[in-house]
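Worksheet: one structure, shown below.
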Amino acid sequence: MSDVQGSILGNAVLRREDPTLLTGEDQYYDDLAVEGLVHIHFVRSVVAHANLTSVDISEATGMPGVIGVYTADNLEVAPHHGMPLLPPPFAMPLPAKGKVRFVGDIVAVVVAETHGQAVDAAEQIFIDYDYLPAIIDPWKALEADAPILFDEVGSNMCFETGLAMEDGDPTEGAHHVSSLQMDSQRLAAVPIEPNGAVAIPDGDKLTVWIPSQNPIAVRGALAGALGMEAENLRVAAPYGVGGGFGPKAGAYPEHILTATLARTLNKPIKWTELRSENMVSLQHGRAMNMKAKMAFDADGKITGFDVDLVAESGAYPGIGAILTTFTQTMIQGVYAIPAIRYHARSVVTNTTTTGAYRGAGRPEATQLLERILDVAADEMNMDPAELRRINLLQPEDFPVTTHGGASYDSGEYEAALDAALEAADYQGMLEDQAARRESGDPKQLGIGVSTYVEVTAPAGLHVEFGAVKVNEDGTVTARVGTSAHGQSHITSFSMIVSDMLGVPMDDITILQSDTDEIPRGSGTMGSRSLQTAGSALHVASETVLAKAKELAAHMLEASSDDIVKGEGGLHVAGVPANVVSWSELVAASNDDSKRPEGMEPELAHELDFDGQNATFPFGAHVSLVEVDTETGNVDMVRHIAVDDCGRILNPMIVEGQQHGGIAQGVAQALYEGIMYDSDGNPVTANLMDYAIPAASELISYETSNTQTDSPRNPLGAKGIGESGTIGSTPAIHNAVIDAVSHLGVRHIDMPLTANKVWSAIQEAR
Amino acid sequence: MSNTTQVGETASLACTINGAAFAVEVDPRRTLSDVIREDAGLTGTHLGCEHGVCGACTILVDGEPARSCLMLGVQANGHDITTIEGLANGDELHPIQQAMHESHGFQCAFCSPGFLMSTVALLAENPSPTRAEIREELSGNICRCTGYESIIKGVETAVELLAGNEPEQTGQTGQTGQTGQESAQ
């Protein structure tokens, strides 16, 4: 790219997506106009754990507009299994058969001409429950006398993983050992557009529109569940998808039931998920309770780390059950740690199924490391930034393979820490804090630092499809297997193609998210899209350009080395007037008489780009908070983030990801948490009770970047989608504890609400 | 889009939507948001929660912001409704839309109709709000993607555009950065 003058790469190019999104012109799945559409509604268990004694649908069946009412008695669908790595008995019967296992389990299904009629009929379905004791606490779920969700399994544990589990305690005999139990509480992703589906049958074929991060994978899952040939099934996400954040990546039971009944009834059916459904149906995130010990020598060097955690998988375990392996991969963080023992057990409880949520297993590792380091710094009377610094992995340590098996590609961790401390004026912050403590002001300052490394394009997600084709009119069509839902891929990807070919961005069409257009791909998740699909388009464009240059050289009777990009096409260097346009090039490529011997027709190339491995973004955050020690209220004052995502393609889009990521990280630290009562009733199942911060709660963040290229792709890129979330939460968490640590407070679990902070202060006094 | 059920009597609704007269017989229990989306076919108004918290469905009723999911359709009788479709002038974006574009205001943009309508109301009442006032006035709208900073910058940019000033650009269009020039090798 360095041979291109005035490259657009690295510039804040405004989004191509905006004009039609900002006018309401673009359609999301719920906006699609479909002739003869009927509506589906799910009747959900209001009890967390019970045997179903009867489900009476007789009243509902005759209600106005009702087309069909279904229960396990008259609808047979293969049980939905959310994760092939887990034993088959954990599958979810559709609809619930004999037993319900969480509030939200689908007991009956109504299809009616209007959504209102379906809801009316649902209210006339009478369910008798024979209550069973519910299990909510994940540690108690492991106990021998715990209520069991799946009798045929005999235990609530669904997955177990670990490192050095047979070895002894790596903290034994150390100079100093700090210990901590902390909760990375259960969160709801809450994309502002809920889930849904529109399934349209056409003979043997079926089209399913879903708001999805990965329509290609959903097609695979639906084809299996419906017993259809994949080629008869088109799954697509509309141009508008209203956010995802992880849980919109997979096929949901509701998708399967909607598609099944569309086929059975031979009618197009729409499922419009209501928010109160979304809060119990869309997979939750985090939900890990962690116990740890960290050992140090007399200089503060870490000598060992011991972790035992339990992850809540919800009632029907899915990907959430195995995210403990991501935590395991990243449990060493940015530090040189000689010995790590790690043990993670995933358990089923009478709660909503858990899955990926922005960070997905990695935030938990960082939160634990960064909190226990602050606990240790407090106990050893060391500066938290200094304690981190002396334990950081250094550039000369690379290549690094961690205890968890991660192969870090590149990292300048101390540089990021220094940049964040400098941007924060860390010394100044410490002085302000000391002055405030001296004055006895009820409002105390707290400073929190976190350093992190995370993994993007993990777990084999480093391979992606990309294709570039120059059309007869000189425009370009590019296709990718990723599936954007707010990440501005149309802009980023057309920047890559435009930069390589010299074709204006507006003449480039980016296709994604539709199995009719895209043969394969892994969707958008794990902050993987730019480094994988972006790299695929880079390589495909490069290949097309090389071929076009060869063709132009043949046409202009020049050497292809002398051919350069110019206004509207290719020309011989220094002779810009004699340009061969892209449409002329395509025409020549398809003309046997004009093409060099041995050259294949068409100016097109497609490939599966393989980055060989994941990439590892990193950074450092510093947070300053003010805590009112009389009320426990926390106000953020400043938040400084230095995030390194490798080489930056579009800084405007990167900044947007940092800001959004930080906001969700703040939300976990201070506001959000899904809660259940002891009977398994969700008490935060709408947006009145689940506290998503608004603009009035948040502040303006100070974001910047260091740039350390990844060697694993030609763009030098790493992911940025999840960094803000991973880096910010522990910095804020540490800052709040720091504000009240002089009062004797050692730890408070998130979210750090005024009530919890105030109570902790009272307890410490 | 869907057939309206007649549970008992329907009621007459006559209002203006984006300056045009609109009349329909509606089931009295239907929400205004459903009437706008399904009867008027204006799907730019989005439903994020249907219990009045997220603000995605915000419209203007006689110039005042209102959550269309919390109003019944019949309550709009005789009123002047403005939705997101009423902002742009043909292909020309409304200055607030243009400002949001220039500030990378939104990502998935599902919440954007509500934010845009709230901003129209905010700037009509207070043409040069402070940053704190913007945060407070937009606190009835939830965005999950952006952390709000870019939206607030968008409002500030809109203030400049509406005042006829040249705002500071966050980004550039692809075309200005576009080049076909390549150095000789």
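The values are calculated or read from the model by the stated rules, or taken from the named source; none is laboratory data. Computed from a predicted model, the values in this text were never measured in an experiment. Using ideal geometry, Cβ is built from the backbone for each residue, glycine included, and neighbour counts are taken over all protein chains shown.
Brief remarks on what is shown
- Scan of the range B:138-172 for residues that are of a type in the set (S, T, N, Q), in a loop (DSSP other than H, G, I, E, B) and within 12 Å of another protein chain (Cβ to nearest Cβ), ordered by number: B:SER139, B:ASN141, B:THR146, B:GLN169, B:THR170
- Within the range A:676-698, tally of residues that are under 23 Å from the mean Cα position of the chain (by Cα) and either more than 10 Å from every other protein chain (Cβ to nearest Cβ) or not aromatic (Phe, Trp, Tyr) (or both): 10
- Residues that are part of a strand (DSSP E or B) and of a type in the set (Asp, Glu), drawn from the range A:599-608: A:GLU606, A:ASP608
- Meets criteria (over 40 Å from the mean Cα position of the chain (by Cα) and either assigned by TED's automatic domain parsing to the domain that holds A:ASP473 or of a type outside the set (Phe, Trp, Tyr) (or both)) for A:VAL622: no
- Spans of strands (runs of 3 or more DSSP E) in the range A:112-210 with at least 3 residues within 14 Å of chain B (Cβ to nearest Cβ) and surrounded by 15 or more Cβ atoms within 10 Å (Cβ to Cβ): A:196-202
- Single match in A:ASP432, A:ASP473 (criterion: at pLDDT 95 or above and over 23 Å from A:MET500 (Cβ atoms)): A:ASP432
- B:THR119 being crowded, with 24+ Cβ neighbours inside 10 Å, more than 12 Å from chain A (Cβ to nearest Cβ) and touching a helix residue (DSSP H, G or I) at 6+ places or on another chain (Cβ under 7 Å): no
- Taking the criterion of being of a type in the set (D, E, K, R), within 26 Å of A:GLY6 (Cβ to Cβ) and out of contact with any strand residue (DSSP E or B) (no Cβ under 8 Å at 6 or more places or on another chain), the residues of the range A:458-517 that qualify are A:ASP473, A:ASP506.
- The set of residues from the range A:445-466 being in a strand (DSSP E or B) and crowded, with 22+ Cβ neighbours inside 10 Å comprises A:GLY446, A:ILE447, A:GLY448, A:VAL449, A:SER450, A:THR451, A:TYR452, A:VAL453, A:THR456, A:GLU464, A:PHE465, A:GLY466.
- Of all the listed residues (A:GLY24, A:GLY82, A:GLY36, A:GLY6), the sole one being in a loop (DSSP other than H, G, I, E, B), touching a residue at least 40 places away in the same chain (Cβ under 8 Å) and within 14 Å of chain B (Cβ to nearest Cβ) is A:GLY36.
- Among the candidates A:SER710, A:SER759, A:SER700, A:SER678, residue that is hydroxyl-bearing (Ser, Thr, Tyr), over 30 Å from A:ALA415 (Cα atoms) and part of a loop (DSSP other than H, G, I, E, B): A:SER678
- Scope the range A:386-403; condition in a helix (DSSP H, G or I) and closer than 26 Å to A:THR615 by Cβ; matching residues: A:ARG388, A:ARG389, A:ASN391, A:PRO395, A:GLU396, A:ASP397
- Any chance A:GLY721 is part of a helix (DSSP H, G or I), buried (at least 22 other Cβ atoms within 10 Å of the Cβ), within 22 Å of the chain's Cα centre (by Cα) and within 13 Å of chain B (Cβ to nearest Cβ): no
- Count - residues of the range B:54-101 that are charged (D, E, K, R), in a strand (DSSP E or B) and away from every other protein chain (no Cβ under 13 Å): 2
- Matching residues, the range B:32-44, being assigned to a loop (DSSP other than H, G, I, E, B) and more than 7 Å from chain A (Cβ to nearest Cβ): B:ALA40, B:GLY41, B:LEU42
- Here the strands (runs of 3 or more DSSP E) wholly within the range A:475-578 that include at least 2 residues being more than 13 Å from every other protein chain (Cβ to nearest Cβ) are A:476-480, A:508-511.
- Count of the range A:192-209 residues, restricted to those that are of a type outside the set (Val, Ile, Thr), farther than 15 Å from A:ASN686 by Cβ and within 25 Å of the chain's Cα centre (by Cα), is 5.
- For the range A:49-58, the count of residues that are buried (at least 19 other Cβ atoms within 10 Å of the Cβ), touching a residue at least 40 places away in the same chain (Cβ under 8 Å) and of a type outside the set (A, V, I, L, M) is at least one.
- Any hit, the range A:336-358, residues being touching a Lys or Arg at 6+ places or on another chain (Cβ under 7 Å), part of a loop (DSSP other than H, G, I, E, B), touching a residue at least 24 places away in the same chain (Cβ under 8 Å) and more than 30 Å from A:VAL280 (Cβ to Cβ): no
- Residue list for the range A:228-269, filter: more than 27 Å from A:ALA72 (Cβ to Cβ) and in a strand (DSSP E or B): A:ARG234, A:ALA236
- Test result for B:ARG131, at the interface with another protein chain (Cβ under 8 Å from one of its Cβ atoms) and surrounded by fewer than 19 Cβ atoms within 10 Å (Cβ to Cβ): yes
- Only listed residue being buried (at least 24 other Cβ atoms within 10 Å of the Cβ), within 16 Å of the chain's Cα centre (by Cα) and among the hydroxyl-bearing types (Ser, Thr, Tyr), chosen from A:THR349, A:THR354, A:THR325: A:THR354
- On the stretch given as the range A:579-598, residues that are within 12 Å of another protein chain (Cβ to nearest Cβ) and part of a helix (DSSP H, G or I) total 1.
- The set of residues from the range A:234-272 being under 23 Å from A:ASP26 (Cα atoms) and among the charged types (D, E, K, R) comprises A:ARG234, A:LYS248, A:LYS270.
- Flag for A:VAL109 being in a strand (DSSP E or B), crowded, with 20+ Cβ neighbours inside 10 Å and in contact with a Pro (Cβ under 7 Å, 6 or more places away or on another chain): yes
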